[in-house]
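Engineer: Next up is a structure, given as structure tokens.
The values are calculated or read from the model by the stated rules, or taken from the named source; none is laboratory data. As the structure is a computational prediction, the values presented were derived from the model and not from experiment. Neighbour counts run over all protein chains shown; Cβ positions are idealised from the backbone, glycine included. With ligands, DNA and RNA removed, areas are computed over all heavy atoms of the protein, side chains included. Shrake-Rupley method; radii C 1.70, N 1.55, O 1.52, S 1.80 Å.
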Amino acid sequence: MRRVPPEMFRFATGEKADLNGAVLDAFGMAGEHLETTLGIDGVRERLRAVGWIAELGDGELHDTLRRLVGWELLDVVHNHAENYRTAEEYERRNLHYSLTRRGEAALAGVHHALEVLASTGALQTAVLEAITDRLDELTVLSREPATADRRIFSTLRELEGHLEALVENTKAFNAQLQRLLRADGVDLDVFREVKAATVAYLQEFLVNLDRRGGTVAAAVARVEERGVAVLRERALRGAELPPVPGEDPAAAWLESRRARWAGLRAWFLPDDRGRPRIEQLHDIARRAIVSLLQVLERINESRRRSSSAVQDFRELARWFASAPGEDDLHRLWSTAFGLGPARHAHLAHSDPELIPSAHSWAEAPPVEVSALLRSSGRTERFTRTGKVRDVAAVRAERRERARLERAQLAGAWEELGTDRPVRLSSLAALDTAVFDRLLELLGRALAVPPDADGLRRATTGDGRVEIALSPPPDARTAVLRTARGTLRSPDYVIHVTTLGQATTVSPAPARPTEAAG
């Protein structure tokens, strides 16, 4: 695991953190203007540009620069090319400061942290479309000659930028979403509006998310067919990396590109470890929608009721916290939880004449209270047993309906069956029941892949009828007419086997004119 140098971010946490940060921002602004070194006068000028308006003496500024040099955030060099007339001029113009690599990293880290604190995250479908466009552009550029290497480099970097934006925005939005799910605000109106808007936002993002994810996955596969390694090598040539002393930067550059491409695959293509992350994002969004809708329902329910159990228990907790003594706590407990609904007050003894009227109610025999009264508010009533309904007529009706359905099914197969292969167009007109059975067989056959002979085979649910479907030999279109409408489809050759006998769908013998049409 790589470790951050311990002094790298000390400038942002010490006593002079504001001044230290302003000085580093001054060097960062100078770098944007291609100024690599600054003297003390240049530092003062840039400090005013970054917004430092407090009075700053030379001694304090020198101390700040020395601290940053000690933390290896700045590098100091002597300017021996100048001619100095006085010692003061030598002191002011001799020392020049510049950002070190550690200083650049520290400044970039602080800026990134501030951006993360200010960002809210977003789910942007436009980023998915931009990723698809860049992948398709890489596929096209991979076929062009070496003159397109620079375009390959720029397109690859744009692709990585879009992927990084997708990852960062998704992580930030997911964290914000989880905090929203855990939030319990006092202002119910604000929370209701925010959560309702979040639900609408998530639902809009989930529309066609599967299709967009599949489009990106297909684009990744097309690029990999052209060769990702070759594409990276061409992008390396188009990057035109400058020579640096020491280790060749090409190896690190290529390794970074491989890691970015692996991240792209992990987001949109499944691997041995599980589903792609885009599907996990789909599940997280759907679970969040359900949770938010439940929270909204609880908020709406609490608004409809004059009081809620949650508010009652909170008020009771405040009473417990303010009770003066232990005895008061026990009395409060007995009062709050010892009461029960007096639903049994209207009950009387089963034989009231046996109870003398002169006796007190405390001396009277107890009255039996049903357990059903406390749970549902109703007493048990015992009446005569209900008559058992005669279902013989219902069973006879169901048997007759089943017999008619079997007869209709058998008639449909009998009407469809012949002993020779035919084209689908020979079935010019069909009865509605026969047409439904034919559609069932065609749907089952088209849902399975072809076998070695190029035939699509399927059977009915009971396994008694099998269809073998062959692709159409030409571009003819079959037109089947029924009472419900007209079906147009490719003119397949269909072969039906019924009850172990090979038969093929063709027009019934009673309708030769329809078959001829």
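Engineer: Would you mention how many residues in the stretch 489-517 are open to solvent by less than 40 Å² (accessible area, probe 1.4 Å), over 17 Å from Leu409 (Cβ atoms), at pLDDT below 50 and not in a strand (DSSP E or B)?
Structural biologist: 3
Engineer: Now, a different point. On the given criteria, is Ala122 open to solvent by less than 40 Å² (accessible area, probe 1.4 Å), closer than 18 Å to Ala235 by Cβ and modelled with pLDDT under 85?
Structural biologist: No, not satisfied.
Engineer: State whether the residues of the stretch 362-371 include one that is in contact with a Leu (Cβ under 8 Å, 6 or more places away or on another chain), assigned to a helix (DSSP H, G or I) and at pLDDT 75 or above.
Structural biologist: Checked against the condition, which is being in contact with a Leu (Cβ under 8 Å, 6 or more places away or on another chain), assigned to a helix (DSSP H, G or I) and at pLDDT 75 or above, the stretch 362-371 yields no hits at all.
Engineer: Note down all Cβ pairs under 6 Å where the first residue falls in the stretch 18-45 and is closer than 11 Å to Leu107 by Cβ, the second is part of a helix (DSSP H, G or I) and among the hydroxyl-bearing types (Ser, Thr, Tyr), and they're at least six residues apart or on different chains.
Structural biologist: From residues that are closer than 11 Å to Leu107 by Cβ, the pairs are Val23/Thr64.
Engineer: Residue check: is Ala130 at pLDDT 85 or above, of a type outside the set (S, T, N, Q), surrounded by 14 or more Cβ atoms within 10 Å (Cβ to Cβ) and part of a helix (DSSP H, G or I)? Steps first, answer last, please.
Structural biologist: On the way: at pLDDT 85 or above: yes; of a type outside the set (S, T, N, Q): yes; surrounded by 14 or more Cβ atoms within 10 Å (Cβ to Cβ): yes; part of a helix (DSSP H, G or I): yes.
In short, yes.
Engineer: Could you grab me the full set of residues in the stretch 20-73 that are hydrophobic (A, V, I, L, M, F, W, C), open to solvent by 40 Å² or more (accessible area, probe 1.4 Å) and in a helix (DSSP H, G or I)?
Structural biologist: Hits for the stretch 20-73 are Met29, Ala49, Val69.
Engineer: Somewhere in the stretch 414-423, is a residue open to solvent by less than 40 Å² (accessible area, probe 1.4 Å) and either in contact with a Phe, Trp or Tyr (Cβ under 9 Å, 6 or more places away or on another chain) or modelled with pLDDT of 75 or more (or both)?
Structural biologist: Checked against the condition, which is being open to solvent by less than 40 Å² (accessible area, probe 1.4 Å) and either in contact with a Phe, Trp or Tyr (Cβ under 9 Å, 6 or more places away or on another chain) or modelled with pLDDT of 75 or more (or both), the stretch 414-423 yields no hits at all.
This table checks each residue for (1) of a type outside the set (S, T, N, Q); (2) surrounded by 14 or more Cβ atoms within 10 Å (Cβ to Cβ); (3) modelled with pLDDT of 85 or more; (4) within 20 Å of the chain's Cα centre (by Cα).
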position	(1), (2), (3), (4)
Glu144	yes, no, no, no
Glu160	yes, yes, yes, no
Arg192	yes, yes, no, no
Ala196	yes, yes, no, yes
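Engineer: Ok, one more. Checking Ala336 against (1) open to solvent by less than 80 Å² (accessible area, probe 1.4 Å); (2) modelled with pLDDT under 80; (3) assigned to a helix (DSSP H, G or I), which single condition isn't satisfied?
Structural biologist: In the conditions (1) open to solvent by less than 80 Å² (accessible area, probe 1.4 Å); (2) modelled with pLDDT under 80; (3) assigned to a helix (DSSP H, G or I), Ala336 misses (2) alone.
Engineer: Which of the numbered conditions does Ala106 fail, given that it passes all the others? Conditions: (1) within 30 Å of the chain's Cα centre (by Cα); (2) modelled with pLDDT of 70 or more.
Structural biologist: Against the list (1) within 30 Å of the chain's Cα centre (by Cα); (2) modelled with pLDDT of 70 or more, Ala106 comes up short only on (1).
Engineer: When only residues in the stretch 453-488 that are closer than 23 Å to Arg406 by Cα and hydroxyl-bearing (Ser, Thr, Tyr) count, which is most open to solvent (accessible area, probe 1.4 Å)?
Structural biologist: Thr459
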